[in-house]
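The structure under discussion is supplied below as structure tokens; questions concerning it will follow.
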Amino acid sequence: MFLDAVVVCRFLNENETYSLLVDSTQRRSVFWLEKKHGDEEAVLSEMVHSWADAVRLLKENDCFAYETDFVDPLFFDDFAAARPSIGRRRKYSAQERILEISRRIQSNEIVTVEGVVKEFNINRATLQRDIKVIRGTLEPYNKRVEYLRSEKGYGLNVDGDYFTIENALIMLMMLYGSRALNKEELKDISYKLTSLFSKTEQIKINEFFRSYLYHYKPVQEKPLLKLFETCFQAISNRRFVKFTYTNGRGEISVQEVIPVTITYHDRKFYLHAKKKDSDQPKAFVIDRIEDCIITVKRFVTSGLPESIGDYIVKSAYMYSGKTVIVRMKVKETNIEFLMRNFPDAEVGPVLEGGWHNVQVEVNGLMGIKLWILQQGQHVEVLEPIDLREQVKLDVLEMHQLYFQPSKV
């Protein structure tokens, strides 16, 4: 039943062996305790689904009172944190000694060389070997044990730039929320992010996102990561790319362009690229690109926009075009929605009726027109006049659509 079970830790008590095992391949991670007496058949405990319950099994069977024979390095720091302090002035096995020192360090205690050598009755060389083991188990999780000269002991570096669980949660929430990657690539990135943490923390993160993964429905199924790498290498090495592109109308064309940057908007990734003789980049939906290759042709940076970041901010809904200043009246209730899409918008003070005068600089008019239509009666275009006329025509067509009898 549990073909992929691994031993988390093992304890020895005379002729008895206690092994805590875990199988993380099931729909929910499963822990259980295996008790073996001599050559007799092993006795299994109840199955539990959390690290906290696994620790409860250990405590109920007094495992922490026995000699610690083995701890899986992936669970080392969690085990050290869960294990009760076994007190001072007693004989420790090598495993127990290392675990106790690790527990203290991870509790932000300063472990002094003189104090540890005296307490555990070991020499400095043994302590250095213990610290090397502890470092090896903690460093994969971005935790550094350092010698602090002023304290004459070892402590945890808490000032490092660590990738934390909250960092991983935010990134994973954004990935799941975007729905831009297919399920396999999402799972691959999620695995690589969670593998930065201990086995117990991995289980917690996986449990947190289990429902998200089960209900995950990507907006497209095409693998994108290799295409991302191709575009990135072309941009970095200043090479043209050539690909087959299918636009929204189903028209197929072959493009040979200068890649500028890659962006994300509204559940889609875009490659912004331009023709050799063009001043304005165009946005290509990445999942509509096929057979993308890097050519031998080079380009120079002087042909690119001076500020790619500024260009992206002004490209509403990924539409491009000449830079235009748009003036509008926006209701106070919609200012938040304005700033989400146009972070550089200039917003005047609130006027009578709860209106604000707003000025926005954008690339082309199509993107901002779509946004204006979404806001309904809460936005009025003032300038340019041709944009106001375009919006007026769209509103008239909508009026006819809704106020004429439906043919359905």
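Between helix 199-208 and the chain, what is the angle of the helix's C-alpha long axis to the longest principal axis, kept within 0 to 90° and rounded to the nearest 10?
The angle comes out near 40 degrees.
Continuing with this model, one more query. Which GluC sites (Glu not before Pro) in the stretch 202-308 sit in a loop by DSSP (not H, G, I, E or B) and have at most 11 other Cβ atoms within 10 Å of their own Cβ? Write down the numbers at each step before the final one.
Details: sites: E207, E221, E229, E251, E256, E290, E306; in loops: E221, E251, E306.
Passing both the DSSP loop test and the Cβ count: E221, E251, E306.
Follow-up question, since we're still on this one. Which entry is the computed Cα extents along the principal axes in Å for this structure: [x] 75, 46, 30; [y] 79, 47, 46; [z] 89, 57, 56?
Recomputing Cα extents along the principal axes in Å here gives the entry labelled [z].
Given axes a ≥ b ≥ c from the Cα gyration tensor, I'd like to know whether the stretch 225-304 is rounded (a/c under 1.5), prolate (a/b larger than b/c) or oblate. Walk me through the intermediate numbers first.
Values: a/c = 1.44, a/b = 1.37, b/c = 1.05.
Note, shape of the stretch 225-304 comes out rounded.
How about K143: which lysines have a C-alpha closer than 17 Å to its C-alpha, ignoring those fewer than 8 places off in the same chain?
Answer for K143, where 17 Å is the Cα cut-off: K132, K199, listed by chain and number.
Starting from the exponent 0.38 and prefactor 2.2 Å, build the expected Rg for the stretch 170-297 from its residue count and divide its actual Cα Rg by it. Write down the numbers at each step before the final one.
Working: Rg = 17.1 Å, N = 128, 2.2 N^0.38 = 13.9 Å.
Dividing the Cα Rg of the stretch 170-297 by 2.2 N^0.38 Å gives 1.23.
Could you work out the longest stretch of the chain that avoids the trypsin sites (Lys or Arg not before Pro) located in DSSP loops with at most 12 other Cβ atoms within 10 Å?
On the way: sites that count: R27, R88, R89, R90, K91, R149, K152, R249, R267, K276, K322, K407.
So the longest stretch without any such site is 153-248.
Next up: Between K275 and K183, what length in nm is gained on full extension when 0.36 nm per residue of separation is reduced by their alpha carbon distance?
Extra length available between K275 and K183 comes to 29.8 nm.
Under a cut-off of 17 Å between alpha-carbon atoms, report the lysines in cross-link reach of K314, not counting same-chain residues fewer than 8 places apart.
Qualifying lysines at Cα under 17 Å: K274, K282, K322, K369.
In whole Hz and in residue order, list the ³J(HN,Hα) couplings for the stretch 95-101 that follow from phi through the Karplus curve 6.51 cos²θ - 1.76 cosθ + 1.60, θ = phi - 60°; x for Gly and Pro.
Calculated HN-Hα couplings, in order: 5, 5, 4, 4, 5, 5, 5 Hz.
Coordinate-derived values only; no laboratory data. Quick caveat: nothing in here was measured; it's all calculated off a predicted structure. Note that each Cβ is placed from the backbone with ideal geometry, even for glycine, and that neighbours are counted across all protein chains shown.
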